[in-house]
1. Of everything in region 339-398, what is more than 24 Å from Gln302 (Cα to Cα), among the acidic types (Asp, Glu) and touching a Leu at 6+ places or on another chain (Cβ under 9 Å)? Give them in sequence order.
2. Somewhere in region 280-293, is a residue closer than 21 Å to Glu411 by Cα, under 21 Å from the mean Cα position of the chain (by Cα) and not in a helix (DSSP H, G or I)?
3. Enumerate the pairs (first residue in region 489-509 and aliphatic (A, V, I, L, M); second residue anywhere and part of a helix (DSSP H, G or I) and modelled with pLDDT of 75 or more) with beta-carbon separation below 7 Å, excluding pairs fewer than 6 apart on the same chain, so at least 6 apart or on different chains.
4. What are the residues in region 384-433 that are in a helix (DSSP H, G or I), more than 30 Å from Tyr186 (Cα to Cα) and of a type in the set (Gly, Ala, Ser), if any?
5. May I ask you to verify whether Ala358 is at pLDDT 95 or above and hydrophobic (A, V, I, L, M, F, W, C)?
6. Confirm whether Phe404 is surrounded by fewer than 15 Cβ atoms within 10 Å (Cβ to Cβ) and either of a type outside the set (A, V, I, L, M, F, W, C) or away from the ligand (no atom under 16 Å from the Cβ) (or both).
7. What's the total number of residues in region 343-378 that are within 9 Å of the ligand (Cβ to nearest atom), of a type in the set (A, V, I, L, M, F, W, C), buried (at least 18 other Cβ atoms within 10 Å of the Cβ) and in a helix (DSSP H, G or I)?
8. Taking the condition of a type outside the set (Phe, Trp, Tyr), part of a loop (DSSP other than H, G, I, E, B) and more than 25 Å from Pro382 (Cα to Cα), does Gly321 pass?
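The values are calculated or read from the model by the stated rules, or taken from the named source; none is laboratory data. Here the structure is a predicted model, which is why all the values come from computation and not from measurement. All Cβ positions, glycine included, derive from the backbone under ideal geometry; neighbour counts span all protein chains shown.
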Amino acid sequence: MIVAKSQGHGSYRAQSIRSWLHAFLISKKLPLHRYGQYHSSILNDEDFSDAIKLHLQSVSQKEGHFKAQDLVDFIASPEMQQRLDEAGIHKRSISVWTARRWLKRLDWRFGPRKNGMYVDGHEQEDVVAYHAAFVKRWLEEYEPRMVAYDNDGNPVKNPEGYVLEGKYRGQPFRIILVTHDESTFYANDRRKVGWLHKSATGKPQAKGEGESIMVSDFLTMEWGRLSHEDQEARLLFRAGKNRDGWFSSDDLLIQVDRAIDIFEAKTNGFAVALFLFDNAPSHQKRAADALSARKMVKNPKQGWTHHPGGPRMRNGQLPSGDTQEFYYLDDHSTMPGWFKGMEQILRERGLWRDGLLAQCPGFKCEAGRTDCCCRRILFLQPDFANQKSALEELVESRGRICDFYPKYHCELNFIEMYWGAAKFRYRITAKTSNIDEMEANVKACLDDFLLLMNLYRYANRAARFISAYHGGLTGADLNWVNKPYRGHRILPASMIAEVKASIEQFSAKK
Ligand SMILES: [Zn+2]
């Protein structure tokens, strides 16, 4: 503590120094991680890099994208200047060139804008509503069932059990959060074209960027990486032509199935896993036989399936609650085993009207209309609207809880901080064009125990964000939460009020 204080840092710094000393005593070598070099090293300060991420997220939510100049301007803003001042940094403006380097370090890549980055007004509303519902689920259904730890890993709260009802009936009371994500390590830097955060790109990287290794893994606060004896949930994937191909949503299903086995072997039924995934389109993919009105034909058709060559669509549900078959019986006189078509499906549901089109031109139905065409009506039917993703169906079929983080909020997934720290280490390993060496380097970084020791802190930080959102703090305001309250996992209303008051004071001073 004395060492840290004399350098003008708080207890967090004391904790890192303590961790370093531990590491040093165990491994007899100092960790790679270093503070004190300005510029990119300040990015290792999570509060600082989070402030940047949150700001740029809000810019790109408004504008659809942002420019490197936005980062330059943000660094020049009074709140960031104050932050740099507190960190004892004297050179306080950055060039566009430095901004680009920082963006790369923060996992943003300059590239053609992908569809995912465009957020139209309607989607924006859905995103906001989802975010609020997630925060509510977290605070009311998940958090009370989790053991809370302080940043050093000492349990500070044991869940107090009550009888589980409804959708959680039959589960053990205790929840262990198992957070998932994928991240890619690159041998070389990539060629450039707007900055996108890596979470915005759904597609694997194009060739010509050097070798890359994708890691898909699960972290828990309790045990770090999810593994048991010689089994581990982590998957390393060499993407590309002549490599392992691309990591598909089916590959993820196989991995998740194995992760559940490992979780079971480890817990033996004393806790239920809450699997949390990124809200990526590939994670929302439905099973091949899932309900979908997207490609349905209006008239009966022999051999129709949603995916050409795929399985028949599963049964739907009539408004009465009875099962609805979408295919005629095999002994039907004229259309044995044919797909019924949307018209007949709607007739059986009592929803058919003469003159209904299969769909409005381009399926661009008038805003707010719910009964304009066959496809829109079916699309809004409860069984179609509530169709779950394949991932959710798999996890739930095995009696676990499955949920998805809100879009554009990677600060809520604590594995992101782990990736960031691992990449920082990776970037200073020797550059190699040998993929086996590269893989060994990536693994060594991911297994760095110093980094795994920080998981409690990462997870508490993510949980703190969630409770701050609940208290009504948003975007850039959240930056204010981290420093003074870093010891807390949940922020009581009184603290959130304090934060709000200090923001108001600060804004008034400006
Ligand atoms: Zn329509």
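1. Listed by number, the list holds a single entry, Asp371.
2. Within region 280-293, one or more residues are closer than 21 Å to Glu411 by Cα, under 21 Å from the mean Cα position of the chain (by Cα) and not in a helix (DSSP H, G or I).
3. From residues that are aliphatic (A, V, I, L, M), the pairs are Ile490/Ala463; Ile490/Ser467; Leu491/Arg464; Leu491/Ser467; Leu491/Ala468; Ile496/Ala468.
4. Ala385, Ser397, listed by residue number.
5. Numbers: at pLDDT 95 or above: yes; hydrophobic (A, V, I, L, M, F, W, C): yes.
Yes, satisfied.
6. Details: surrounded by fewer than 15 Cβ atoms within 10 Å (Cβ to Cβ): no; either of a type outside the set (A, V, I, L, M, F, W, C) or away from the ligand (no atom under 16 Å from the Cβ) (or both): yes.
No; evaluated as a whole, the condition is false for this residue.
7. Total meeting the criteria: 2.
8. On the way: of a type outside the set (Phe, Trp, Tyr): yes; part of a loop (DSSP other than H, G, I, E, B): yes; more than 25 Å from Pro382 (Cα to Cα): no.
Considered against the rule, which asks whether it is of a type outside the set (Phe, Trp, Tyr), part of a loop (DSSP other than H, G, I, E, B) and more than 25 Å from Pro382 (Cα to Cα), Gly321 comes out as no.
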